[in-house]
Amino acid sequence: DSFAATNVTTAWPLCTESTTDGCESEAHDRTAIELPGKQVELVSKLAAATDAPLVCVLVHGGAVALGEAWTECDAVVDLWVPGQTGGAALADVLFGDVSPAGRAPYTFYSRTADLSAPMGEFDESTHNGTTYRYYVGPEPTIAFGD
């Protein structure tokens, strides 16, 4: 019924169909790198509800600040934009059939405020203190290559 469909959309902890919840969509870029929606809250509740290891899987197309989720996850698997065989690749990692190198291909900054320029205002000619080679700011959660 329509009530159930409405509740699924508004109660969904990750991203809704809104342009104000921090999610990317066609013709809408994020203005912050923090995990959107209620994802950090979801991770915290999952960690509190189990004694089993919590593997957090990231599927995204841009920089992400993990916040408290970083300390709640026992492991983080970063799929980035995995493509059509992403599910099979994730299964191979989770079941131990492959062991990825485990090095970050980009820097995980701790929060949007740590960046020297607002999102979307990156000047490549000056590097703006933002890229992994020129970053000047608080220690990132994960540095490029770690």
Just name the residue that is surrounded by the most Cβ atoms within 10 Å (Cβ to Cβ) out of those in the range 54-71 that are in a loop (DSSP other than H, G, I, E, B) and not aliphatic (A, V, I, L, M). G67
Subset of the range 29-48 [among the hydroxyl-bearing types (S, T, Y) and crowded, with 16+ Cβ neighbours inside 10 Å]: S44
Residue within the range 99-107 that is more than 25 Å from R133 (Cβ to Cβ) and either within 11 Å of the chain's Cα centre (by Cα) or modelled with pLDDT under 95 (or both) present: yes
Exactly one of D78, D74, D51 is modelled with pLDDT of 85 or more and buried (at least 16 other Cβ atoms within 10 Å of the Cβ), and that residue is D78
Looking only at the range 113-135, which residues are exposed (fewer than 14 other Cβ atoms within 10 Å of the Cβ) and at pLDDT 80 or above? A113
Per-region count, the range 34-93, residues touching a residue at least 24 places away in the same chain (Cβ under 8 Å) and touching a Lys or Arg at 6+ places or on another chain (Cβ under 8 Å): 4
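The values are calculated or read from the model by the stated rules, or taken from the named source; none is laboratory data. Quantities reported herein were computed from a predicted structural model and do not represent experimental measurements. Cβ: placed from backbone, ideal geometry, glycine included. Neighbour counts: every protein chain shown.
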